[in-house]
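All remarks here apply to the structure that follows.
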Amino acid sequence: MTTERTDLEALQRHMHTAVKGLAPVHVVAAALGVDAKRLAIYHRMIRHHVVAALQTRLGATTALLGAGEETPAWERLLAAYLADCPPSHWALGHAAGAFPGFLAERVEAGDATGFHVALAELEWALYTVNRDATRLPPHHRAYVEGAPLALNPTLQILEWPYPVAAFLAAFNRGEGPAVPTAPGDPELVLVFRRPASGNPYFHAATPALLFALKMVHDGLTVADAAAASGQPAEAVQAALADAVQQGLVLALA
Amino acid sequence: MPGRVEVGMSGVASLGHGVGLRRPHWDTIFAEADRVDFVEILTENFLGEGGRARRVLEQAAATWPIVLHGTALSIGSVSPLDADYLAGLADLIRATGARWFSDHLCFSSAFGVEYHDLLPVPFTAEALDHVVARVKQVQTIANVPFLLENPSYYVQYAGAEMGEAEFLSTLCARADCGLLLDVNNVYVNSRNHGYDPYAFIDALPLDRVLQIHMAGHDDLGDVIIDTHGAACVDPVLDLYAYTLGRTGPVSTLLEWDNAIPSQAVLLAELERIRAVRPVGARP
C-alpha cells in the first residue's frame, strides 16, 4: 500500500479509471492506497446501474439480446456499450439513451438486427414521451363539436419497416411473439402520453387516425375535410371523436 | 408528533416522521396521508418530468410538507456544477415549496461521465476548500436551507488530513449549511472501517442536523452494503435513540429504495422508527 498523497483531481482521475474499468482495480487501488476488494464494489455498482437502466427502459430489446440469461453475446455487447457510451446525463434512465444508435452500428457485424434497432427506438421513444415536461392545455375528455382541436403535444409519429408496435404489445402481455427476421412494409407508430392517465402509450397508426391527425394539423374544418376526402361529415367527426378519445387530439376547453 | 411543533437543538421545527415518495405507492399513499408527516422527493425522479410524475408531485406538495433529496449534484467533483441541473433544481424547489434540499458529500460525476453512484471525497484541506466554495454556489439558487448528507463509503483514501466528523463540522461552519445525518450510514461506515459510531455522533455538529435518514442495509459479512433495501436493524435504532438524546426532535425520514415493500410494511417500519425514544447513554 502506498501512502502517497494525491491531489483532488488526481484522486478523482484514479477513481474514474477504476470505476470505468479503464485499468485493473488492483493497480488503481495501490495508487490510491485503498483496499482493492472495496474499490471493486464501486465498479460493480456503477456497471449495475447502467445494466438496470437498459433492462428497465429497453426491457424487450435487451431481453431479445439475451440480457435475462446473461448470454455471452449479451455480455460482449454490454461490455462494448459500457466502454463506448458512458452515461453523460444525471438522469439514470438516460444511460440507456445511446443504446439504439449503438445497436444500429453493430447490425453489419451481426451483433444485432434491424428489428432490434427498431424495437429499441420504440422503447426509447416511450421513455422520452413519458419524461416530456410539456403541459397539456385545458381540454375536454371527449370530442365536443365546435371545440378547437389541437394535436397532443407529446405525440411522436415514427416509422419502421417492422411491425414493432404489435410485437411490443404482445411482448408486454407476456406472449413471447415471434421476432421478424426481415424488413417488410413500412409501419407508422403513434407514441404519445395519454391525457387521462398521464402514462405513455403507443399503437400502430390506422388510416382513420392519420386522417384525423392531418386534418387537425392542417386546421381543416369538418366540412372542408369531408369535401376533400369525399367522406360524409359524420365519418369525419367519428374519426375525430376516436382520435380525441384516444388522446391523440385534444378538444380544447 | 403530528399537530405539535417540536424544535431540536438546530432551532428548526421538526416535520415529524416521513417517507420517500416511491412509484409503487403512488396509487395508494394518499389514502393514508395522515400516517406520514412529511415526504421526501428524490430530485432526479421528478426533475424535468411531465405526465403522471408531475401530477403526483403536485398532489404530494398539496398534501404534505416536502423536502428534496438529490444524488446527482456531485458537490465534490472537480468538474463544474451542472448549470441546467441547478436551474431545474431551483424550479423544483419553488414548485414544491420545499422546506430544504439536500445531496451527498461525494462526487457522482467527473470528466463528463455520470456514475449514478456516490464516490467519497478525501478528507483533506484541498477537498474541504473545494466543497465549501461549491456549497456556497449551490446555496444561491434558493432561499431555503441546503443540507449535505454523510454518505456511506467503502474505501478510505490514504493521506487523509482530518477525520470525517471534523471535515463535516468544518464544512458546515464555513459554508453555513445544514447536515442531513444518515444514522444508518454512520453504522455502516463504523462497521466497514472499524470505528465507534457513538463517538462519531458525539463529534458531529449536531446543532446543524435538520434531518435524519434511517434505512436498512445488506450485511455481507466482510462488508456492509448500504442498500436501502431492508428494515432498520436494532443497532441502528439504538444509535438513532442516542442521537435523538443529543439533538432533540429532528425530522426523520425512512429511506427504502430497493426491494421496495408494500405500503403496509413501509408504514409499519415508519411507526417502528416513530416509537423510538431519545436515550441519554449508549446501550
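Here is a yes/no grid of residues against (1) surrounded by fewer than 19 Cβ atoms within 10 Å (Cβ to Cβ); (2) over 19 Å from the mean Cα position of the chain (by Cα):
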site: A:His14; (1), (2): no, yes
site: A:His26; (1), (2): yes, yes
site: A:Arg44; (1), (2): yes, yes
site: A:His49; (1), (2): yes, no
site: A:Ala60; (1), (2): no, no
site: A:Glu75; (1), (2): yes, yes
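Does segment A:44-65 contain at least one residue that is of a type in the set (S, T, N, Q), more than 12 Å from every other protein chain (Cβ to nearest Cβ) and not in a helix (DSSP H, G or I)? Lay out the reasoning, then the answer.
Within segment A:44-65, the subset of a type in the set (S, T, N, Q) is A:55-56, A:61-62.
Then drop every residue that is not more than 12 Å from every other protein chain (Cβ to nearest Cβ), which leaves A:55, A:61-62.
With not in a helix (DSSP H, G or I) added as a condition, the list becomes none.
No: zero hits.
Would you check which residues across segment B:163-197 are among the hydrophobic types (A, V, I, L, M, F, W, C), within 14 Å of chain A (Cβ to nearest Cβ) and buried (at least 23 other Cβ atoms within 10 Å of the Cβ) and list them? Spell out the reasoning first.
Residues of segment B:163-197 among the hydrophobic types (A, V, I, L, M, F, W, C): B:165, B:167-168, B:171-173, B:175, B:177, B:179-181, B:183, B:186, B:188.
Next cut, within 14 Å of chain A (Cβ to nearest Cβ) only: B:167, B:188.
Listed by number, the list holds a single entry, B:Val188.
If B:Ala125 passes every condition in (1) more than 9 Å from every other protein chain (Cβ to nearest Cβ); (2) under 19 Å from the mean Cα position of the chain (by Cα) but one, which one does it miss?
Condition (2) is where B:Ala125 drops out.
Looking only at residues that are over 26 Å from A:Ala18 (Cα atoms) and not in a loop (DSSP other than H, G, I, E, B) in segment B:142-167, which one is nearest to the chain's Cα centre (by Cα)?
Ranking the candidates gives B:Leu147 first.
Matching residues to (1) modelled with pLDDT of 95 or more; (2) surrounded by fewer than 18 Cβ atoms within 10 Å (Cβ to Cβ); (3) outside any loop (DSSP other than H, G, I, E, B):
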site: B:Asp27; (1), (2), (3): yes, yes, no
site: B:Val39; (1), (2), (3): yes, no, yes
site: B:Ala53; (1), (2), (3): no, no, yes
site: B:Glu58; (1), (2), (3): yes, yes, yes
site: B:Ala62; (1), (2), (3): yes, yes, yes
site: B:Val67; (1), (2), (3): yes, no, yes
site: B:Leu73; (1), (2), (3): yes, no, no
site: B:Gly76; (1), (2), (3): yes, no, no
site: B:Leu81; (1), (2), (3): yes, yes, no
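Can you spot a residue in segment B:99-111 that is surrounded by fewer than 23 Cβ atoms within 10 Å (Cβ to Cβ), among the small types (Gly, Ala, Ser) and not in a strand (DSSP E or B)?
Within segment B:99-111 (the criterion being surrounded by fewer than 23 Cβ atoms within 10 Å (Cβ to Cβ), among the small types (Gly, Ala, Ser) and not in a strand (DSSP E or B)), the answer is no, since none of the residues qualifies.
What are the residue pairs meeting all of these: first residue in segment A:72-83, first residue under 15 Å from A:Pro100 (Cβ atoms), second residue open to solvent by less than 30 Å² (accessible area, probe 1.4 Å) and of a type in the set (Phe, Trp, Tyr), Cβ atoms under 8 Å, and 6 or more apart or on different chains?
A:Ala80/A:Phe102; A:Tyr81/A:Phe99; A:Tyr81/A:Phe102
Residues that are of a type in the set (D, E, K, R), out of contact with any Ser or Thr (no Cβ under 9 Å at 6 or more places or on another chain), surrounded by fewer than 18 Cβ atoms within 10 Å (Cβ to Cβ) and under 23 Å from B:Leu171 (Cα atoms): does segment B:201-213 have at least one?
Taking segment B:201-213 first, the residues of a type in the set (D, E, K, R) are B:202, B:207-208.
Next, from what is left, pick out any that are out of contact with any Ser or Thr (no Cβ under 9 Å at 6 or more places or on another chain): B:202.
Imposing the further condition that a residue be surrounded by fewer than 18 Cβ atoms within 10 Å (Cβ to Cβ) reduces the set to B:202.
Filter once more, keeping what is under 23 Å from B:Leu171 (Cα atoms): B:202.
Scanning segment B:201-213 turns up at least one residue that is of a type in the set (D, E, K, R), out of contact with any Ser or Thr (no Cβ under 9 Å at 6 or more places or on another chain), surrounded by fewer than 18 Cβ atoms within 10 Å (Cβ to Cβ) and under 23 Å from B:Leu171 (Cα atoms).
Considering every residue within segment B:209-228, establish whether at least one is in contact (Cβ under 8 Å) with a residue 60 or more places away in the chain, more than 24 Å from B:Leu270 (Cβ to Cβ) and within 14 Å of the chain's Cα centre (by Cα).
No, because not a single residue in segment B:209-228 is in contact (Cβ under 8 Å) with a residue 60 or more places away in the chain, more than 24 Å from B:Leu270 (Cβ to Cβ) and within 14 Å of the chain's Cα centre (by Cα).
If you go through segment A:91-135 one residue at a time, how many are open to solvent by 40 Å² or more (accessible area, probe 1.4 Å), hydrophobic (A, V, I, L, M, F, W, C) and either out of contact with any Lys or Arg (no Cβ under 8 Å at 6 or more places or on another chain) or in the same structural domain as A:Leu188 (by TED's automatic domain parsing) (or both)?
Within segment A:91-135, residues that are open to solvent by 40 Å² or more (accessible area, probe 1.4 Å), hydrophobic (A, V, I, L, M, F, W, C) and either out of contact with any Lys or Arg (no Cβ under 8 Å at 6 or more places or on another chain) or in the same structural domain as A:Leu188 (by TED's automatic domain parsing) (or both) number 5.
Within segment B:70-113, which residues are within 9 Å of another protein chain (Cβ to nearest Cβ) and over 29 Å from B:Ala60 (Cα atoms)?
Matches in segment B:70-113: B:Gly76, B:Ser77, B:Val78, B:Ser79, B:Phe107, B:Ser109, B:Ala110, B:Phe111, B:Gly112, B:Val113.
Check segment A:195-211 and report whether any residue there is assigned to a helix (DSSP H, G or I), touching a strand residue (DSSP E or B) at 6+ places or on another chain (Cβ under 9 Å), free of Cβ contacts under 8 Å to residues at least 40 places away in the same chain and surrounded by 13 or more Cβ atoms within 10 Å (Cβ to Cβ).
Yes, segment A:195-211 contains a residue that is assigned to a helix (DSSP H, G or I), touching a strand residue (DSSP E or B) at 6+ places or on another chain (Cβ under 9 Å), free of Cβ contacts under 8 Å to residues at least 40 places away in the same chain and surrounded by 13 or more Cβ atoms within 10 Å (Cβ to Cβ).
Can you give me the ranges of the helices (runs of 4 or more DSSP H) entirely in segment A:85-179 with at least 2 residues that are within 14 Å of chain B (Cβ to nearest Cβ) and closer than 27 Å to B:Arg54 by Cα? Even if it seems obvious, please write down each step before you answer.
Details: elements: A:99-104, A:114-131, A:164-172.
Here the list reads A:114-131.
The values are calculated or read from the model by the stated rules, or taken from the named source; none is laboratory data. No experiment lies behind these values; they were computed from the predicted model shown. With ideal geometry, Cβ positions are generated from the backbone for all residues, glycine too; neighbour counts draw on all protein chains shown. Please note that ligands, DNA and RNA were not included when accessible areas were found on the heavy atoms of the full protein model with its side chains. Shrake-Rupley method; radii C 1.70, N 1.55, O 1.52, S 1.80 Å.
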